[in-house]
Structure formats: C-alpha cells, structure tokens
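Notes to accompany the following structure.
None of the figures in this text is laboratory data; all of them are computed from the coordinates on show. What you see is a predicted model; the values in this text were computed from it and never measured. Quick reminder, even Gly has a Cβ in these numbers, built from the backbone with ideal geometry, and neighbours come from all protein chains shown.
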Amino acid sequence: MLEILGTIAGNILSLPGILGFALGMMTRRFPLGVALGILVGIGKTYVFAGMSFAGIEMVELVVAMGVGAVFGGMGTLVRRQGATV
C-alpha cells in the first residue's frame, strides 16, 4: 500500500504532475490536454526505465498515465475558467 501511495505522490511531484499541468494550460481543448498529460506520463516512465520497455512496471505506467491525465485536464480547466481570486 505504501509503495502505491509513494508512486502516486512521486508522479504528482514529478513530470506527469507538473509538466502535464503546464501542457494542459497551453490548450483550451480538454481531450488534447488530457492526451498531452498521458504522453508525458508514458515518456517519463520510458525514460526512467532506462529507455527499455522491458524495464517498465505496469503499475508505475498506469499511475503515471492517470496522474498525467488528471493534471493535464486540470491545466485545461484552469486555462478555460481562468484563475480568478
């Protein structure tokens, strides 16, 4: 359980969370923002696995894709609605 929570938190603070949010803020189309976040999650997992698909753990890939999708979508929503305080 702690391993999964650590993987989720690590992805939120790493490229899928931060870069997915930033790329999501570059577009107003929700599906494109989500797709960009998913691509960042796949790319991060591939690069950190030593550029080999054999070294990728499926749980880590799914979590990275999920976090990227959520934060890419959130970035798109921030772009659409604006940050009003």
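P(r) for the range 2-79, please, calculated from all Cα pair distances in 5 Å bins and given in %.
All Cα pairs considered, the percentages come to 4, 22, 27, 22, 15, 8, 3, 0.
Please work out how much length the chain gains when fully extended from R80 to R28, using 0.36 nm per residue of separation minus the C-alpha to C-alpha distance, in nm with one decimal.
On the way: separation 52, 0.36 × 52 = 18.72 nm, distance 0.59 nm.
Gain on stretching R80 to R28: 18.1 nm.
Taking the dipole about the Cα centre of the chain, with the C-beta of Lys and Arg at +1 and of Asp and Glu at -1, give me whichever of G20, V67, A54 is farthest to the positive side.
Comparing the listed Cα positions along the dipole, G20 ranks first.
Using a 10 Å cut-off on Cβ atoms, rank the peptides 45-56, 13-24, 63-74 from the highest mean neighbour count down. Don't skip to the answer; put the middle values down first.
On the way: 45-56: 12.3, 13-24: 21.7, 63-74: 23.7.
Going from most to least packed, we get 63-74, 13-24, 45-56.
Tally Lys/Arg at +1 and Asp/Glu at -1 over every other residue whose Cβ is under 10 Å from the Cβ of R28; what's the total? Don't jump to the answer; show the numbers that get you there.
Working: positive: R29, R79, R80; negative: none.
Value of the local net charge: +3.
At what distance in angstrom do the alpha carbon centres of the range 1-28 and the range 31-66 lie from each other?
One Cα centre to the other: 11 Å.
Are there any helices in the chain, counted as whole DSSP H runs, that stretch 24 Å or more along their axis by Cα and score at least 1.6 on average by Kyte-Doolittle, and if so which? Let's see the in-between values first.
Numbers: long enough: 30-48 (27 Å, 1.65); 58-81 (34 Å, 1.09).
Helix filter hits for the chain: 30-48.
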